[in-house]
1. Which residue out of I30, I22, I43 is touching a residue at least 40 places away in the same chain (Cβ under 8 Å) and assigned to a helix (DSSP H, G or I)?
2. Given the condition among the charged types (D, E, K, R) and closer than 23 Å to E77 by Cα, answer yes or no: does some residue in the stretch 192-203 qualify?
3. Considering only residues of the stretch 60-86 that are more than 15 Å from D185 (Cα to Cα), among the aliphatic types (A, V, I, L, M) and out of contact with any Asp or Glu (no Cβ under 7 Å at 6 or more places or on another chain), which is surrounded by the fewest Cβ atoms within 10 Å (Cβ to Cβ)?
4. Inspect the stretch 87-98 for any residue being in contact (Cβ under 8 Å) with a residue 60 or more places away in the chain, more than 21 Å from the chain's Cα centre (by Cα) and surrounded by 14 or more Cβ atoms within 10 Å (Cβ to Cβ) and give the result as yes or no.
5. Identify the residue in the stretch 174-195 that is in contact with a strand residue (DSSP E or B) (Cβ under 9 Å, 6 or more places away or on another chain), of a type outside the set (F, W, Y) and in contact (Cβ under 8 Å) with a residue 12 or more places away in the chain and, among all such residues, is surrounded by the fewest Cβ atoms within 10 Å (Cβ to Cβ).
6. Within the group F171, F217, F121, F152, which residue is among the hydrophobic types (A, V, I, L, M, F, W, C), surrounded by 21 or more Cβ atoms within 10 Å (Cβ to Cβ) and either outside any helix (DSSP H, G or I) or under 19 Å from the mean Cα position of the chain (by Cα) (or both)?
7. Residues that are modelled with pLDDT of 90 or more, closer than 30 Å to F225 by Cβ and either among the hydrophobic types (A, V, I, L, M, F, W, C) or out of contact with any helix residue (DSSP H, G or I) (no Cβ under 9 Å at 6 or more places or on another chain) (or both): does the stretch 96-105 have at least one?
Amino acid sequence: MISFLNNLKILLRPQSWLTGLISNLFFILIYLIFIQNSKELVILVLVYIAYQTLIFVYSYLLNTITDEKIDKIVNKEVGLGKFPKWFIYSLLIISGLGSFGITVLFNLAAIGLLELGLATFYSIKPTRLKERGFLGIITATVGSVTLPFVFFISIVGENQLMAVYFTIIIFFMQMIREVLHQIQDYPNDLKTNTKTWAVEVGNKIAKGFLRLIVAVFLLSLIGSFAFGFFQGLFISVLGVLWTINLLFHSMEVSLKTDA
């Protein structure tokens, strides 16, 4: 049983997306507190967690399947060989249909279809948006966490101005993660001729752009003061701490790669 769970962890890579889920969940809770919405609070949060988790499982698993040959070149263990194909594809179908089913229950099927479309076309050929330059960054940023947050605020349906602001904040947070991820994967992507945006523009330019969007994200925190001084101060402090934590733990690896 322990071996099965360890192999499943390798296959689904929760360590890669749990940080994003937790940080987004944290900002969602802040959003709910600020709009003073207490109706069905636990249910709304659980629905978001279920939807976001299913999207992550579908996206990461599909990407693992389509990158199988590439991962073998760099000797990356992804767990595909530890499970029968029927099990892997069953997980893929269940996570995909499960996420779409949740949106249907809330009459938001359009968001579900768009989400699945972005996640699918990001990885599979011939579209493979992952290798379509900056479009790949945008696709991953919107599809992975921004759309799920839009789904969540559509359920809540309150304070549209704050909802738009938090959507922008989460968009920049995820873009920072995506660019950072490409910088960290730069050596392997270069070796396997995977034409990501970072490979196309070069590591030096990618790092420069990362610094730029981090600066834009930090400046965007100023907008939170429009909702009140203490609200702005609270959001700004959290945003700065999130940035410091991300860069401290992640840039230590990525900045060591040569341009």
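1. Within the list I30, I22, I43, the selection yields I30.
2. Checking the stretch 192-203: at least one residue is among the charged types (D, E, K, R) and closer than 23 Å to E77 by Cα.
3. I65
4. Scanning the stretch 87-98, I find at least one residue that is in contact (Cβ under 8 Å) with a residue 60 or more places away in the chain, more than 21 Å from the chain's Cα centre (by Cα) and surrounded by 14 or more Cβ atoms within 10 Å (Cβ to Cβ), so the answer is yes.
5. Selected residue: K195.
6. Unique residue meeting the criteria: F152.
7. The answer is no, given that none of the residues of the stretch 96-105 is modelled with pLDDT of 90 or more, closer than 30 Å to F225 by Cβ and either among the hydrophobic types (A, V, I, L, M, F, W, C) or out of contact with any helix residue (DSSP H, G or I) (no Cβ under 9 Å at 6 or more places or on another chain) (or both).
Here's the yes/no breakdown for (1) more than 19 Å from L147 (Cβ to Cβ); (2) modelled with pLDDT of 75 or more; (3) in contact with a Pro (Cβ under 9 Å, 6 or more places away or on another chain):
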residue	(1), (2), (3)
S3	yes, yes, no
N6	yes, yes, no
Q15	yes, yes, no
T19	no, yes, no
S23	no, yes, no
I35	yes, no, no
L46	no, yes, no
Q52	no, yes, yes
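The values are calculated or read from the model by the stated rules, or taken from the named source; none is laboratory data. Note that the coordinates shown come from a computational prediction; the quantities given were computed from them, not determined experimentally. When we count neighbours, we look across all protein chains shown, and the Cβ atoms used for this are built from the backbone with ideal geometry, even at glycine.
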